[in-house]
Amino acid sequence: MEAFKYGCIVGGEHFCKRRELSRQLSAYIAGGQNVVIQGERRMGKTSLVRETVAGMRGWRMADADFMGVKSTTDVCNRIADAMARFDSGDSIYRRAMSLLAHLRPVGQIDQMTGLPTISLDARATATPASIPMALDALASHVKGRKSCIVFDEFQDILDIEDGEQVLALMRSRIQLLPEVCFIFLGSARNRMLSIFLSPDSPFYKAAAVFGVDEIPDGDFFRFAAGRFATGRRKLPREVFDRILAITCRTSGDVQELCDAIWQVTEPGRTLGMEDVERGLRLVFSREGSAYAAFVKPLTDIQMRVLRALAELGGAHVLSGEFLGLARVTTPATVKKSLVALGKADLIYSLGGEWKFVSPFFREWIRRVR
């Protein structure tokens with residue numbers, strides 16, 4: 001039995017309901033309002049969209065995930081494949097051949113999932129000019145049906161060589177498709193905000209900004225306590241508060257730690273603080289080798305700064321207390337180390353505060369000497 005799920009899109013009983021957010025989002029979708037959904041990593045943005053659309057009678061979504069795209073051809077491939085996941089059967093191939101003829105689509109069945117997929121012929125190379133045609137094909141495919149189009153990890157388009165041009169062409173086409181609701185998701189807050197709130201961006205104010213933040217503590221506690229109760233485990237509120245503190249209230253990390261606690265405890269138990277530590281040790285046993293690899297290339301100064309960050313937090317990294325704990329004499333040295341740690345994707349800056357990408361890595365740093 002799985003009481004908690006993490007690291008994937010969750011739904012049904014494994015999804016902690018966000019009724020007010022779902023209500024607001026469903027109103028946007030039904031009204032045809034384009035939306036950019038912004039939130040920290042592992043906050044459940046994609047799961048929220050899927051659960052919201054699933055709860056709207058007769059509505060469906062076509063989704064393209066742009067994570068790790070490397071070229072314009074990749075972008076077109078993801079858009080084409082969204083058509084295949086929206087529908088199934090031979091008709092989707094015939095429709096794709098018609099709508100995407102210029103890109104020479106190839107239809108096949110995924111051997112792992114048994115679902116239809118569409119990709120571009122390996123000999124076809126898409127250019128930025130192909131983007132409007134691919135969008136037209138996808139929009140035409142869903143038009144007239146209760147549906148929305150979801151673009152996940154949208155900020156990764158900036159990483160391709162023609163990223164700015166691709167964004168400009170996407171925006172020029174999307175604004176001509178008012179009958180289709182587009183939803184843009186991204187986990188890199190600063191990059192997403194630069195796309196949708198910077199006056200220099202083609203997507204400036206092209207969508208309503210919709211924030212997905214922490215689940216209210218009371219709601220999350222009731223959800224977690226209910227899940228533990230399915231296995232006859234009682235979760236006291238003070239123990240859950242400790243879980244929240246360790247995971248920085250990040251929903252995906254809360255679920256991961258709860259799953260670890262579930263794995264190391266037996267039915268009939270009232271959970272205690274010692275069980276949280278046991279759960280953490282299980283997480284470290286799974287991920288500790290990766291953490292060790294993360295710190296291996298760090299300099300002594302960078303490691304000291306990282307430990308100070310783990311102990312004191314990242315709101316006042318230039319304070320005398322922080323410099324003293326890190327055993328660093330100048331703020332400039334701290335700044336240099338923080339930038340290097342950021343480039344290594346161990347930490348990131350948000351709103352003037354430095355944070356760990358993984359709260360479990362932070363806890364590991366605090367315990368390892």
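List of remarks:
- Candidate set: the stretch 161-184, residues that are hydrophobic (A, V, I, L, M, F, W, C) and open to solvent by 10 Å² or more (accessible area, probe 1.4 Å); chosen: the one farthest from the chain's Cα centre (by Cα): L176
- Among the residues of the stretch 33-59, those identified as open to solvent by less than 40 Å² (accessible area, probe 1.4 Å), in a loop (DSSP other than H, G, I, E, B) and modelled with pLDDT under 90 are G39, E40, M43, G44.
Per-residue answers, yes or no, for (1) buried (at least 18 other Cβ atoms within 10 Å of the Cβ); (2) touching a Ser or Thr at 6+ places or on another chain (Cβ under 8 Å):
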| position | (1), (2) |
| --- | --- |
| G186 | yes, no |
| L193 | no, no |
| P199 | no, no |
| Y204 | no, yes |
| F210 | yes, no |
| E214 | no, yes |
| G218 | no, no |
| F221 | yes, no |
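- Some residue of the stretch 239-254 being touching a residue at least 24 places away in the same chain (Cβ under 8 Å), among the β-branched types (V, I, T), more than 24 Å from S349 (Cα to Cα) and in contact with a helix residue (DSSP H, G or I) (Cβ under 9 Å, 6 or more places away or on another chain): yes
- Residues of the stretch 228-249 satisfying the condition of being open to solvent by less than 20 Å² (accessible area, probe 1.4 Å) and assigned to a helix (DSSP H, G or I): F228, V239, F240, I243, L244, I246, T247
- Yes/no for V209 being among the β-branched types (V, I, T) and at pLDDT 95 or above: no
- Residue within the stretch 307-324 that is aromatic (F, W, Y), modelled with pLDDT under 95 and touching a helix residue (DSSP H, G or I) at 6+ places or on another chain (Cβ under 8 Å) present: no
- Whenever a residue of the stretch 309-336 is more than 13 Å from W354 (Cα to Cα), its partners that are hydrophobic (A, V, I, L, M, F, W, C), lying with C-beta atoms within less than 6 angstrom and at least six residues away or across chains, give the pairs L325/A308; A326/V305; A326/A308; V328/V334; P331/L318.
- Among the residues of the stretch 329-345, just one is at pLDDT below 95 and open to solvent by less than 30 Å² (accessible area, probe 1.4 Å), namely G342.
- For the stretch 60-72, a residue qualifies if it is part of a loop (DSSP other than H, G, I, E, B) and either of a type in the set (G, A, S) or open to solvent by 10 Å² or more (accessible area, probe 1.4 Å) (or both), and the qualifying residues are M67, G68, K70, S71.
- E277 meets each of the listed conditions (1) touching a strand residue (DSSP E or B) at 6+ places or on another chain (Cβ under 7 Å); (2) open to solvent by 10 Å² or more (accessible area, probe 1.4 Å); (3) modelled with pLDDT of 95 or more apart from (1).
The values are calculated or read from the model by the stated rules, or taken from the named source; none is laboratory data. Predicted model, so just to flag it, every value in this text is computed and none were measured. Note that we place each Cβ from the backbone using ideal geometry, even for glycine, and neighbour counts take in every protein chain shown. Note: areas computed on protein heavy atoms with side chains; ligands, DNA, RNA excluded. Shrake-Rupley method; radii C 1.70, N 1.55, O 1.52, S 1.80 Å.
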